[in-house]
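What follows is calculated from the coordinates using simple rules that are stated; it is not laboratory data. Everything quoted here is computed from the prediction, not taken from an experiment. Cβ: placed from backbone, ideal geometry, glycine included. Neighbour counts: every protein chain shown.
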Amino acid sequence: MLSYSYWELKEWFTNVNFTIVGSGIVGLNCALYLKQKYPKAKIIILEKGVLPQGASSKNAGFACFGSLSELIDDLKNHSEEEVFNLVKKRWNGLELLRKNLGDKKINFQQNGGYELFLDSKLFDECLEKKNDINSLLNPLFKRSVFKTEKNIFNFANIYNSYITNIFEGQIDTGKMVIELLKKVMSLGVQIINATEVIKFDDNLNGVSIKTSRVEFTTEKLLLATNGFSKSLLNEEVKPARAQVLITKPIENLFIKGTFHLDKGYYYFRNIDNRILFGGGRNLDFKAEETTSFNQTKLIQNKLEEILKETILPNQKIEIAHRWSGIMGVGTQKKAIIKQISNNVYCGVRLGGMGVAIGSIVGKELAELV
Ligand SMILES: Cc1cc2nc3c(=O)[nH]c(=O)nc-3n(C[C@H](O)[C@H](O)[C@H](O)COP(=O)(O)OP(=O)(O)OC[C@H]3O[C@@H](n4cnc5c(N)ncnc54)[C@H](O)[C@@H]3O)c2cc1C
């Protein structure tokens, strides 16, 4: 362990009121709201990555609240009220994100969302339930969310009609994280990177924290560790890796919007004249239940195959880059926002909708204190 000076220990690690673990959407929003509530508080964020290393800076940037088939699926194990509330929270979360950071700064664009189908079976099921779901969501959107449309993008090997959603948008994920970091740091929150929290002990003096670099005590500890929570928390949240690729710029790219394919197991969008394409976790759920940032041949080959045969058939496409990120998932879709012990709180399990709900989860986590 490094040795720290008297000055360093005094300025950074003494009289700490709030320590947040994780500098993703949740951790940064939590810091924002804590600072609003307690302007004089000393707040630090500990982040194990040199950059924020979680899903917040690796995601696809869909500003979405559930495709039609996803919502139909959710209704199989959630009540109508629960599904309505899930959508409401995602929609309100997106509005909060946009209000906090500004559409321009995060390059928010409402280009619409499209659900594509491999065959008519799922499409027909969606068509049958479309009006019911539109009615369920009517109090929130005041007009029909889901409509049908013919294949205007010339995708190949898929069913000839889509379901569209005019309310769906997209953001620039990198810009979102940068804006959040700037906002939080301008308020005087210290972010300490490359420092992993290894364990903590909630005791009479506050919470003692052992990290990979330093040990200190904080009054309150807030865990925003999402898919990496297992080593610190005994909650029902598992890691789920999601793999992504991005093409080199494509001349005259006319695909615009956010696209969900095969019940949302695959997703793609336009960005900077490129196609960003991810998914395929369903090819091997077990192997993808990991916090390792690798990519696998199985999934990357499948992504490339769908890209070349379905999304951009008859075109020469080159892959520029590949990466993966770790989500936090569980059997229930609701995030876990709760007090763990006297001085310890958590806001985790954001699933595949953290862009939408991250701001609200961070706010609710701060409000627990
Ligand atoms: C490839 C991919 C695509 C996605 N696409 C979308 C999308 O299009 N739309 C959408 O809404 N959502 C999407 N998501 C999900 C969304 O990104 C997440 O739900 C959201 O970012 C979670 O935010 P978070 O702050 O809870 O967690 P994270 O962003 O994962 O932040 C947790 C942070 O905690 C840090 N940490 C963990 N443990 C420790 C420790 N012990 N010590 C110190 N630091 C620690 C991590 O390094 C990490 O930075 C996607 C996710 C992935 C991976």
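The C-alpha atoms of the chain define a longest principal axis, and helix 173-186 lies at about 20 degrees to it. Measuring against 18 Å, Cα to Cα, the residue pairs LYS338/LYS363; LYS42/LYS220; LYS230/LYS363 contain LYS230/LYS363 as the ones spanning a longer distance.
Considering only alpha-carbon pairs that sit under 8 angstrom and 6 or more positions apart, the relative contact order computed for segment 238-329 is 44 percent. Within the same chain, aspartates and glutamates fewer than 8 places from LYS37 are excluded, and of the rest, those with a Cα less than 20 Å from its Cα are GLU219, GLU364, GLU367. Under the criterion of Cα pairs below 8 Å and six or more residues apart, the relative contact order for segment 83-198 equals 35 percent. Using a simple spin-label model with pseudo-atoms 7 Å out from Cα toward Cβ, PHE153 and ASN85 lie 3.4 nm apart.
The H on the amide N of LYS105, modeled in the peptide plane, is under 5 Å from the matching H of no residue at least 5 residues off or on a different chain.
Enclosing the Cα atoms of the chain in their convex hull gives a volume equal to 143 cubic angstrom per residue.
Seen against the Cα atoms of the chain and their longest principal axis, helix 354-368 is set at about 30 degrees.
May I ask you to derive the FRET efficiency for ASN252 and MET185 from their Cβ-Cβ distance with R0 = 35 Å, giving the value to the nearest 0.05? That gives a FRET efficiency of 0.30.
Relative to the first principal axis of the alpha-carbon coordinates of the chain, what is the inclination of helix 120-141, with its axis defined by its Cα atoms, in degrees from 0 to 90 and to the nearest 10? Rounded to the nearest ten degrees, it is 50.
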